[in-house]
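Since every read-out is calculated from the coordinates, none of them should be taken as a lab result. Treat the numbers as computed from the prediction; the structure is a model and nothing was measured. Here the Cβ positions follow ideal geometry from the backbone for every residue, glycine too, while neighbour counts run over all protein chains shown.
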Amino acid sequence: MMRTRSFLLMLPLLAACAGKDAASPWPSLAPRPGENSMMVQRSPAAAAPAAPVQPAVPVAVPADAGTRLETAESLLAGMEAAVPAAAASAERARAAAAGQPEDSNAAVAAEAARSRYEAVFQPLPDVTKRLDDVGDAVAGAADEAAWAARIAALQARVDALQAARSRYR
């Protein structure tokens, strides 16, 4: 009985969807004549002839690109020089803290040495950003390959430092 009532209540709604009234204020969603025709132009851009492609003009390398790479290189050299001493200190402190309780002085000293080791790598994001910026600036330059080789060599040094950094994480 309840299903029949529900169905009867839905029947007028279904009939309202099926009706077609020419005087209705609502627009029809049916395709208009010509909308499905292959002869009808879809957009004005499609009718315009394609412009000839102009060859790219080589990009001028910024004057400070070399300076930025030299700065990155000096930062890398400073980190590479500081890593062995900081690693040795962290390793000694870690060995001294082995088997000690977590709140012992040796464990605290080991954590402090690990923090000092991690601090050596603070300039690494700056170096990475400098390399990316210079790479973007020289993209399309006539001597892009030479710049890319220099950046790749510096990036290899960054990767080596990242590997050394993850040693004590």
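When only Cα pairs below 8 angstrom with a gap of at least 6 residues are kept, the stretch 65-168 shows a relative contact order of 33 percent. Rounded to the nearest 0.05, what FRET efficiency do residue 142 and residue 77 have when you use their Cβ-Cβ distance and R0 = 45 Å? Taking R0 as 45 Å, the efficiency between residue 142 and residue 77 is 0.95. In the frame of its principal axes, the stretch 65-168 has Cα extents of 61, 17, 15 Å, reported largest first. Placing a pseudo-label 7 Å from each Cα along the Cα-to-Cβ vector at residue 60 and residue 106 gives an inter-label distance of 6.5 nm. Less than 5 angstrom separates the built amide H of residue 141 from those of 59, all sequence-distant by 5 or more or on a different chain.
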